[in-house]
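Values quoted throughout were computed directly from the atomic coordinates according to the rules given, and no laboratory measurement underlies them. Keep in mind it's a predicted model, so treat the numbers as computed, not measured. All Cβ positions, glycine included, derive from the backbone under ideal geometry; neighbour counts span all protein chains shown.
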């Protein structure tokens, strides 16, 4: 009985502490940056590159300034993939590239920082520990300018992505 209670408590705490990207009702900026060919393709987390059924992302051009992103995650119980669909755009601030993702059926922007690397790219989730809510892109942008260089501005678990073979 004690083991069951301890397991349940641990599971609940993991869910509670599990980081999610910051959600905002406004974007850092309008969708004006052109789609970059470096982001297009199928990507897999480097830590899953050698497993049989890895999670993976398919990024394609939606239009000249938006990306279509499919996030595929394997469900072992159902022996198949579940897919979430997003439309995204990027905003650059002082050399930092941020991607805004809007999941199908929602309106909030999920914010990630992207860094291209020699082996692929790294995603840094903007922490959801930010309590402030912004009603304009300019206020959100000023907040990012002030804080985007601080390590605690991002969740700890960055995701290194490599091109899917």
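State whether one or more residues within region 54-69 are surrounded by 15 or more Cβ atoms within 10 Å (Cβ to Cβ) and under 12 Å from the mean Cα position of the chain (by Cα).
yes
Checking residue 49 against (1) surrounded by 15 or more Cβ atoms within 10 Å (Cβ to Cβ); (2) closer than 26 Å to residue 30 by Cα; (3) touching a residue at least 24 places away in the same chain (Cβ under 8 Å), only one condition comes out false. Which one?
So the condition that residue 49 fails would be (2).
Sort through 139, 79 and tell me the only one that's more than 18 Å from residue 21 (Cβ to Cβ) and surrounded by 11 or more Cβ atoms within 10 Å (Cβ to Cβ).
Residue meeting the stated conditions: 139.
Taking residue 67, is it under 18 Å from residue 109 (Cβ atoms) and touching a helix residue (DSSP H, G or I) at 6+ places or on another chain (Cβ under 7 Å)?
Spelling it out, residue 67 is indeed under 18 Å from residue 109 (Cβ atoms) and touching a helix residue (DSSP H, G or I) at 6+ places or on another chain (Cβ under 7 Å).
Of the conditions (1) over 15 Å from residue 27 (Cα atoms); (2) in contact (Cβ under 8 Å) with a residue 24 or more places away in the chain; (3) surrounded by fewer than 18 Cβ atoms within 10 Å (Cβ to Cβ); (4) out of contact with any helix residue (DSSP H, G or I) (no Cβ under 9 Å at 6 or more places or on another chain), residue 145 clears all except one; give me its number.
Result: residue 145 fails condition (1) only.
Scan region 102-128 residue by residue and report those that are in contact with a helix residue (DSSP H, G or I) (Cβ under 8 Å, 6 or more places away or on another chain) and either exposed (fewer than 14 other Cβ atoms within 10 Å of the Cβ) or under 16 Å from residue 56 (Cβ atoms) (or both).
116, 119, 120, 121
Tell me, please, whether a residue that is part of a strand (DSSP E or B) and either under 22 Å from residue 156 (Cα atoms) or in contact with a strand residue (DSSP E or B) (Cβ under 7 Å, 6 or more places away or on another chain) (or both) can be found in region 23-38.
There is at least one residue in region 23-38 that is part of a strand (DSSP E or B) and either under 22 Å from residue 156 (Cα atoms) or in contact with a strand residue (DSSP E or B) (Cβ under 7 Å, 6 or more places away or on another chain) (or both).
Could you count how many residues in region 91-101 are surrounded by 11 or more Cβ atoms within 10 Å (Cβ to Cβ) and farther than 15 Å from residue 57 by Cβ?
The qualifying residues number 7.
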